[in-house]
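The values are calculated or read from the model by the stated rules, or taken from the named source; none is laboratory data. Computed from a predicted model, the values in this text were never measured in an experiment. Don't worry about glycine lacking a Cβ; one is built from the backbone with ideal geometry, like all the others, and counts go over all protein chains shown. Just the protein is used for accessible areas: all its heavy atoms, side chains included, with ligands, DNA and RNA removed. Shrake-Rupley method; radii C 1.70, N 1.55, O 1.52, S 1.80 Å.
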Amino acid sequence: PGRPIPVVWRRRHKAGHWIWLEGVATNLLDDPAVGAIVTNYRDVTERRLADEAVRQSREEFKDLFDHAPLGYHEVDAEGRIARINEAELKMLGYTAEELIGEYVWKISAEEDASRSALRAKLGNDTTPLTFERRLRRKDGSTFPAMIEDRLVLRKDGTIAGIRAVIHDITDRKRAEIE
């Protein structure tokens, strides 16, 4: 008795619409001076609706990110893969767990070129760069890719990493040969 208990509930407003309330209920039934359960609450409907909108927006972004028609990855300032989408994972034959935290040149068939390009990019070259590179799948096979990358800067202007869009250009290369 007397211990505050956080409570959240949904109820119908007298105007007919539903609202969310959040508060604290305290059992004071054993207190002869009060003899009641005291509840202090506030309307948190707007916050709940905003939270739901943010959650839905995140889900939509994640769906767009994972199912985009192009590969996409982010690397940190050291060159380690920090995020990668499902489309690129399918291209490469890896799971996210196998690549997150690995150096990006693990997936490059041209490791030296990847290392030097990364160093140049992280040297503060803010120009988006588009180039072709052969990427290496988990099974060791390679394929040609068009890559567009750009620096990601923190609010203070320091380099956070690189974002890259990957397009498998195998069909285009095959057509050029024929």
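Descriptive notes on the structure:
- Exposed-site-free run, longest, the chain (rule: trypsin sites (Lys or Arg not before Pro); DSSP loop; at most 12 other C-beta within 10 Å): 15-153
- Förster radius 30 Å - calculated FRET efficiency between E52 and E102, Cβ distance, rounded to 0.05: 0.25
- Between R134 and R80, the contour length at 0.36 nm per residue exceeds the Cα-Cα span by 17.6 nm.
- Residue-span extension gain [D156 to I19] - 0.36 nm each, minus C-alpha spacing: 45.3 nm
- Count of Lys pairs (Cα-Cα under 20 Å; at least 8 positions apart or interchain) in the chain: 7
- Once the gyration tensor of the Cα atoms in the chain is diagonalised, the equivalent ellipsoid follows with semi-axes of 54, 19, 15 Å, ordered largest first.
- Per-residue [θ]222 nm for the chain (sum of -39500 (n - 2.57) over DSSP H runs n ≥ 4, rounded to 500): -9000 deg cm²/dmol
- Carbon and sulfur %, accessible surface of the chain computed with the full protein complex present, 1.4 Å: 53 percent
- Accessible area of the chain divided out per residue, in Å², using a probe of 1.4 angstrom: 66 Å²
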